[in-house]
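Have a look at the structure below, then the notes.
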Amino acid sequence: MDENDLNSDDEIAIDDDCYYDFFIKGDDPMDSEDAKSREGSGQKYTILNQADIRKRQEDVIAAISTVLSVSGATATILLRHFNWSVGKVHEAWFADEDVVRKRVGLLNYEKQLSDVNAGDRATCGICFDVYPRYRIFSVGCGHPFCRECWGGYISSAINDGPGCLTLRCPDVSCSAAADRDIIDMLALSDDDKKKYSQYLLRSYVEESKQIKWCPGPDCEYAVEFDAGGGGDDSWDVSCRCSYSFCWNCLEDSHRPVDCQTVSSWLSKNTDESETKIWILARTKPCPRCQKSIEKNGGCMHMTCNPPCRYEFCWICLGDWYNHETCNRYNEAADVEADKNREDAEKHVTKYTHYFDRWAANHSSRQKAIAEMQRVQSVQIRKLIETQGKAEYELLFITDAWEQIIGCRQVLKWTYAYGYYLPENEHTKRRLFEFLQGEAETGLERLHECAELELNQFLVDYGSPLEGFKEFEVKLKGLTMVTRKYFEKLVRALENGLSEVQVSGTEEIGQNFPMASAEG
Amino acid sequence: MANSNLPRRIIKETQRLLSEPAPGISASPSEDNMRYFNVMILGPTQSPYEGGVFKLELFLPEEYPMAAPKVRFLTKIYHPNIDKLGRICLDILKDKWSPALQIRTVLLSIQALLSAPNPDDPLSENIAKHWKTNEAEAVETAKEWTRLYASGA
């Protein structure tokens, strides 16, 4: 992706490079093996691969080891206990070293092996066999175990999971820690050592506050957010695996909508929608106790379940015993009886409206992602053949697809935003709907152009088709226009549509002349 | 006895269990499987199980001592940490197992569990509830069951 192309966009004042992060992803080539903090572009996060993570981990271990004058293995135990925070280790250690040592099982003495028989032999506390001293080990606490038993003990702990990181002496009453030097020395196999080291690495990511794994499928990268990041600004992260997500809540990227709205929306989707829609479509509330009733018999004489037992007419919801016929139209009664149901239905209709569009944009984005892969792997090749273009001359097509993918994401979340936008804030709603409509129309035109109009140029007629240049101009134009619309939409939503509050309706009239026409 | 590959640890433990049994506990290996033990525990004095003789089975899995022995009550017992299949809720038989523990220590712990039932960490919800809402009555039931099922007849 060409950064200059973006910077040439001078009609809209972009306040920082967040937009750049958002709309253009995958800009960091896979070949940058070092963790490269992209401060130059205003990015507040760093993508880390396994080697980067390990390096950071070794760095903090080395720092603690130097300051506290303890071994690297001891520093590891301390850091792991204090969630890999150098500050917390310092604080606790210098406040009361003995308390810390006791808590993590670090002895400050070395005890001789207990149970050493005559002739420097000792009995292993696990297999009860007697061994020469050099084959007996303890973690400084003096409890003697042979090499083989240590190996078995370590191996079963490692296979039990990450609990092996807090391994202690096998003696039940002893809390002396078995550190990673012991593991390295006594583990039975390289496989065990590898697993242990992997747990250690995972612990560094999972227990530290600044790093999180990318939730993308099969992704092995982690993302570090710089201290003080986020807040009012975006938490959006684009991983090198091409998955983009919100670092704060680990859901899909959801700019410009906040994490709280996303969480309410997603839980609404899972908890309520299906059951509620089903209930409303098939049931009526009992006129007395309001419980939902599904009609399972043929006649209209309904009897509510105990303890209510209210008997009523299914059609008019009137009391059965004061009921003769209800074929005659009674406007007043009708309005009264159906009012509650209508309210509830209206609610569901509203929810369905937003949900459908949210879901449609979600799946449209998934398809666009697949389509872009096809464009990159197949169609660009074909165009190079049929239109005689160089690869760099065709970048505008992938630009367009990246734009589509980014915009679908934004558009999807604006539907969750719209659902929660209070209905009585008429002016805000109007502005929101205007901006959303504008952006959506732009995006549909762009998406259609990228999807359909490209096809004609894929056929090989022996010579380049004439209209290609026009296609290029059109697609580039639509890409740019759509980007602007979405930037405007994102900015307005992130400001809480505050333009409205400050300036009132007249201002809207000036800035968005179509607003009143649409509203 | 066809137990040629029996680890020395098991042989030693068995010898010691037979030569110096713990008070109120007996454990002897089965004749055809040296990893399978028939166990008897006497109900501890001052407990609802006093006077009872409880039969258990104990099996040493292949991984023993890296994995805990499997122990189960064969005698019916009314106890909040023991279910109707005789399974026992005891930390050292699960996540707190250490290879430095032994058959002897396990059986002593089970004996202690009979003296001190722990309804806050129940295996049998009903019995635990009974224990918490009306301990005196629950203890009576436990005594009754001891008479009925563990009288050693």
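All of the numbers you see were taken from the coordinates with simple rules; none came from a lab. Because the structure is predicted, anything quoted here is derived from the model rather than measured. With ideal geometry, Cβ positions are generated from the backbone for all residues, glycine too; neighbour counts draw on all protein chains shown.
Inter-part distance, the range B:62-130 to the range A:375-396, computed on C-alpha centroids, equals 70 Å. Each part reduced to its alpha carbon centroid, the range A:411-478 and the range A:65-97 end up 55 Å apart. Highest average first, the peptides B:102-112, A:375-385 ordered by how many other beta carbon atoms sit within 10 Å of their residues are B:102-112, A:375-385.
Counting only other chain Cβ atoms within 10 Å of each residue's Cβ, the peptide A:146-155 averages 2.
Taking GluC sites (Glu not before Pro) as exposed when their DSSP state is a loop state and no more than 15 other Cβ atoms lie within 10 Å, the longest site-free interval of chain B runs over B:64-153. Neighbouring Cβ atoms from other chains, within 10 Å of the Cβ of residues in B:95-102, number 6 on average. Here each label is just a point 7 Å from Cα along the line to Cβ, and for B:Arg104 and B:Glu31 those points are 2.7 nm apart. Placing pseudo-labels 7 Å out from each Cα toward the beta carbon at B:Asp91 and A:Asn455 gives an inter-label distance of 6.8 nm. The mean number of partner chain beta-carbon atoms within 10 angstrom of a residue's beta-carbon across peptide A:124-132 is 4.
Its alpha carbons considered, chain B gives a radius of gyration followed by a Dmax of 15.9, 52 Å.
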